[in-house]
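Novice: Below is one structure. I have some questions about it.
The values are calculated or read from the model by the stated rules, or taken from the named source; none is laboratory data. Every value quoted in this text rests on a predicted model; they were computed, and no experiment measured them. A quick note on method: Cβ atoms are made from the backbone with ideal geometry, for glycine too, and the neighbour counts reach across all protein chains shown.
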Amino acid sequence: MNTKIFIGIAGGTASGKSAIAKLLVSHFKDNLCATIKVDSYYHDLKHLSMREREKTNFDSPESIDFNLLLDHITKLRNNNPIKVPVYDYKTHTRSSDYSEVYSQKIIIIEGLYALYNNLVKDIFNIKVFVDTDESIRLERRIKRDIKKRQRTYESVVKQFNSMVTPMHNQYVEPTKSHADMIIKRGVKNTVAINELISKITHMQNNSNKI
């Protein structure tokens with residue numbers, strides 16, 4: 001019986017987690033590899049007024065619906081498809097759309113808090129932490145949020161200093177201790193990336209023999 005390989009990729013905001021996940025999907029192909037973003041599992045705040053929603057700290061682990069994430073990972077492990085929520089960052093609610101993900105041989109879960117919840121973390125066969133300097137992460141976040149989330153430079157920097165950095169230091173950075181691999185410089189670290197691909201390939205070959 002073929003077993004699945006679950007890979008958790010954590011790290012600070014704009015550290016390069018998504019780039020590594022995309023590289024893995026490109027290498028192993030999407031008919032073998034599926035990706036889930038922890039960001040998709042923000043709590044739906046429809047029950048709150050917009051003013052209350054805007055007070056929410058989305059860089060805190062409390063903003064993530066780990067129960068739903070765990071339920072979906074369990075379904076994938078049991079070969080069932082899932083409907084991943086599509087989060088609307090403008091309204092801080094789940095939209096009526098969803099993304100259907102089918103169970104694949106290799107399943108990647110990536111996000112700030114991929115290694116935070118013990119029940120989720122314990123499912124992973126390989127745990128990765130992407131370790132990127134804060135100055136680089138801030139520069140990337142500024143570019144991303146201005147382009148994709150219609151934010152201003154000042155608001156991004158203010159949020160980074162008041163919410164992102166404190167939450168990173170308190171909650172994200174400590175999850176590095178759970179990692180099997182710490183990758184510095186993200187996809188540019190070809191030695192570490194090749195090592196990760198080699199580990200996955202080895203597990204894949206072994207599971208095919210079972």
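Novice: Which residue is surrounded by the most Cβ atoms within 10 Å (Cβ to Cβ), if the candidates are limited to the stretch 167-199 and must be assigned to a helix (DSSP H, G or I) and polar (S, T, N, Q)?
Specialist: Narrowing the stretch 167-199 to residues assigned to a helix (DSSP H, G or I): 167-178, 186-188, 190-199.
Retained after the next criterion (residues that are polar (S, T, N, Q)): 169-170, 175, 177, 190, 194, 198.
Details: N169: 12, Q170: 12, T175: 21, S177: 9, T190: 9, N194: 10, S198: 10.
It comes out as T175.
Novice: Report those strands (runs of 3 or more DSSP E) wholly inside the stretch 76-166 carrying at least 1 residues which are touching a helix residue (DSSP H, G or I) at 6+ places or on another chain (Cβ under 9 Å), under 16 Å from I64 (Cβ atoms) and not small (G, A, S). Steps first, answer last, please.
Specialist: Numbers: elements: 82-88, 93-101, 106-110, 126-131.
Where strands (runs of 3 or more DSSP E) fall fully within the stretch 76-166 and carry at least 1 residues being touching a helix residue (DSSP H, G or I) at 6+ places or on another chain (Cβ under 9 Å), under 16 Å from I64 (Cβ atoms) and not small (G, A, S), they are 82-88, 93-101, 106-110.
Novice: What pairs come out if I take residues in the stretch 178-197 that are on the phi > 0 side of the Ramachandran plot and pair them with residues that are in a helix (DSSP H, G or I) whose C-beta lies under 6 Å away, six or more apart or interchain?
Specialist: Partner pairs satisfying both residue conditions: G186/A19.
Novice: Looking at D131, D145, D122, can you tell me which residue is surrounded by 15 or more Cβ atoms within 10 Å (Cβ to Cβ), among the acidic types (D, E) and within 16 Å of the chain's Cα centre (by Cα)? Reasoning before the result, please.
Specialist: Numbers: D145 fails: within 16 Å of the chain's Cα centre (by Cα); D122 fails: surrounded by 15 or more Cβ atoms within 10 Å (Cβ to Cβ).
So the residue among D131, D145, D122 that is surrounded by 15 or more Cβ atoms within 10 Å (Cβ to Cβ), among the acidic types (D, E) and within 16 Å of the chain's Cα centre (by Cα) is D131.
Novice: Here is a follow-up. Go through I20, I73 for me and flag whichever is in a helix (DSSP H, G or I), under 18 Å from N118 (Cα atoms) and at pLDDT 95 or above.
Specialist: I73
Novice: List the pairs whose first member sits in the stretch 48-70 and is in contact (Cβ under 8 Å) with a residue 24 or more places away in the chain and more than 22 Å from N161 (Cβ to Cβ), whose second member is β-branched (V, I, T) and part of a strand (DSSP E or B), and whose Cβ atoms are under 8 Å apart, counting only residues at least 6 apart or on separate chains?
Specialist: From the stretch 48-70, the pairs are L69/I36; L69/I109.
Novice: I'd like to verify a number: residues in the stretch 37-61 that are closer than 19 Å to I9 by Cα, in a helix (DSSP H, G or I) and either of a type outside the set (A, V, I, L, M, F, W, C) or touching a Pro at 6+ places or on another chain (Cβ under 6 Å) (or both), how many? If you could, list the steps in order and put the result at the bottom.
Specialist: Just the residues of the stretch 37-61 that are closer than 19 Å to I9 by Cα, to begin with: 37-42, 58-61.
Remaining after also requiring in a helix (DSSP H, G or I): 38-41, 61.
Narrowing the set further to residues that are either of a type outside the set (A, V, I, L, M, F, W, C) or touching a Pro at 6+ places or on another chain (Cβ under 6 Å) (or both) leaves 39-41, 61.
Residues meeting the conditions: 4.
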